[in-house]
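The block underneath contains the structure these notes are about, expressed in structure tokens.
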Amino acid sequence: MATIRDCTRIQPLLSEYVDGTLTDQVSWDVKMHITSCAVCAKIADDFSATSRLLGELPQMELSANFEAMLTQRLADEALRPRQRTPWNRFTDTLSEIWQNSTRRNVMATGVAVAAMVPLVVVILNMNRPLPNTNVRQVATTTVPTPAAIKSTGNDTSPLDPDKMWNGHLSAAASEVLGDPSGLLAVRGEGM
Amino acid sequence: MLGERSLILTHSDASLVARCQKADLAAFNEIVARYKNKIFSYLYRMTGNAEDAEDLTQEVFVRMYTNITSFRAEASLSTWLFRIAGNLCVDSYRRSKKQRGLVHSLDAPFAGEEEEGTATRDVPDLSQAPETLVSRKELAAHIQAALQKLPTKLRAAIVLHDIEGLPYEDIAVAEGIPLGTVKSRIFNARVALREHLRPYLES
């Protein structure tokens, strides 16, 4: 005997059942249900009748001059100036190339090669030896700035920014040139 | 046998499209002759107005011709034409709503039925006993009125299936929706039509 639960499961399938698009097994289940359920059987009948009414609607007729008007409309469309932006021209060109199989293959190969170039550059750079880092070491040498000396209170001489800056430069230069004598530092003070 | 005939037609469609892509006007005219009635029928059932439907039908073929180079063989030609027609319907619906200054969902019934001057848009008195109907023309008018009461999306699905004879899969492609949504819309359309057309179903 059909139950409400069965109807809830079957009713959403009635439209497809009427259209014959259910699988054999499901169609059989629906058929068995509607033989014992008057409500679902009525719904299926109504769906079928609705579908039949729509299918039997009379064919609507186009006006006699439809094709003449269409031809005129196409002519008007052809005469209308087309606005071709640079992007339109670019996409039209791409479309033309793509439709030609030979050109399409060439373009695809070119794109693949272009995509590989950055990868090859990265790989080559990974294998290249690092440059001399002496300058970098000199650059990281800490030489106290006038502000730093002032803040620590270690400097007892009157502050002379130029002297401090020249001292800083000379110290860096002596390290680069490998001069431990400090002569360059003396010369730096006289500059 | 029918399958073979369908296959022959499909091959002919493909060759017509190929010729059309080379600006062969004779091929274009043949496509028009083959599909104009189906497209017009669909658009008439969607708009409820013959003049609007004819105008939109022309637009479908103009768009087909201007975009024929972008047609891909994944879908059939007829499905593609119905897709163009459906899009034009939506555009037309939105334009008419804008002109009237109204904002409605596409799930709402088409408001064309509110305009005067078109018999198909008049909502018949369904309390009238069906045995008083004397012609198929009147029955057709009642059915059209019932269709106009459906939300646009449901109407499109049921018209494409029951009137134009498209299978579920082609409707899914034409409407750009999943297969499950097609089945759901057809089911819901039939539930609604069953109510609107009850007197005629029982007779």
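Table for the structure above
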quantity	calculated
Interface size B-A, as summed buried accessible area [1.4 Å probe, Å², nearest 100]	3400 Å²
Protein-protein interface of segment A:22-57, residues with accessible area decrease of at least 10 Å², isolated chain reference, 1.4 Å probe	A:LYS42, A:ILE43, A:ASP46, A:PHE47, A:ALA49, A:THR50, A:SER51, A:LEU53, A:LEU54, A:GLY55, A:GLU56, A:LEU57
Within 10 Å of each Cβ in B:17-26, the average number of Cβ atoms from other chains	0
Listed residue (A:LEU14, A:ALA44, A:ILE97) projecting farthest to the positive dipole end of segment A:12-114, Cβ model	A:ILE97
Accessible area of segment A:1-68 belonging to carbon and sulfur atoms, whole % at 1.4 Å probe	56 percent
Student exercise, segment B:153-197 dipole from Lys, Arg, Asp, Glu Cβ charges, in Debye to nearest 20	220 debye
Averaged over B:185-192, number of beta-carbon atoms from partner chains that fall within 10 Å	5
Per-selection Rg to Rh, segment A:1-80 - Cα, Kirkwood hydrodynamic radius	1.42
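The values are calculated or read from the model by the stated rules, or taken from the named source; none is laboratory data. In this text, all values refer to a predicted model and were calculated from it rather than measured experimentally. Cβ atoms come from the backbone with ideal geometry, glycine included; neighbour counts cover every protein chain shown. Just so you know, the surface numbers come from the protein's heavy atoms only, side chains and all, with ligands and any DNA or RNA stripped out. Shrake-Rupley method; radii C 1.70, N 1.55, O 1.52, S 1.80 Å.
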